[in-house]
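Everything on this sheet refers to the single structure shown next.
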Amino acid sequence: MSGKKRKKREKKEQFSSEICDECIPAKCCMYFSIEIDEPENDGDYDDLLWIIAHRDTEIYVNEDRWYLLVRSPCRFYDPIKRCLIYTRRPRICRSHTTDECEFDDDYGFDLHFHTYEELERYIRTNKE
Ligand code: SF4
Ligand code: SF4
């Protein structure tokens, strides 16, 4: 790695650590999300309503892909020590950076349904 690159990386890591220090509990460790099939018919939308009827679930759309988001803290998060398995944390955690993270609560999704009612309204509006 060139000196210039190293300097850039050090700067980024320092910045990351500074904003992460203010982020307690770490927002990125408080949920997980997985891609789901894009709904294509009434039945599919009805299934999404069933999903979001469950507590602590949300659905969002980003770049035409649909995702289920579950607000469930990682069991390895500790507010003092942070990640209890840091050196062997999963690759999704390793690749997460502060570049576009959740720190300012701006997830930047194209659509984001936090509740059953929001999704129900969207379905009704898009049917008309
Ligand atoms: S959400 Fe962003 S600022 Fe907060 S701990 Fe995760 S990477 Fe750091
Ligand atoms: S494994 Fe560590 S970095 Fe990953 S979500 Fe859990 S506490 Fe956060």
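Here, each number is a calculation from the coordinates, and none is a lab measurement. In this text the structure is predicted, and so the values were computed from the model without any measurement. In this analysis, Cβ positions are derived from the backbone assuming ideal geometry, glycine residues included, and neighbour counts consider all displayed protein chains.
What to note about this one:
- Label point of LEU111 set 7 angstrom out along Cα-Cβ; within segment 56-73, amide nitrogens under 19 Å from it belong to 57-70.
- Nonlocal amide H pairs with TYR31, under 5 Å, H built at 1.01 Å: SER72, CYS74
- Hydrodynamic radius of segment 3-127 by the Kirkwood approach over all distinct alpha-carbon pairs: 16.7 Å.
- Counting 0.36 nm for each residue step from ASP37 to TYR122 and taking away their Cα separation leaves a gain of 28.9 nm.
- Per-residue ellipticity at 222 nm computed for the chain from its helices equals -11500 deg cm²/dmol, with DSSP H segments shorter than 4 residues left out and the rest contributing -39,500 (n - 2.57).
- Amide H contacts of CYS83 (H built 1.01 Å from N, under 5 Å, at least 5 apart or other chain): ASP78
- J(HN,Hα) series, segment 103-111, from Karplus relation 6.51 cos²θ - 1.76 cosθ + 1.60, nearest Hz, glycine and proline x: 3, 9, 6, 9, 6, x, 6, 5, 9
- Among TYR77, VAL61, ILE123 the positive-end extreme of the charge dipole of segment 3-127 (Cβ point charges): TYR77
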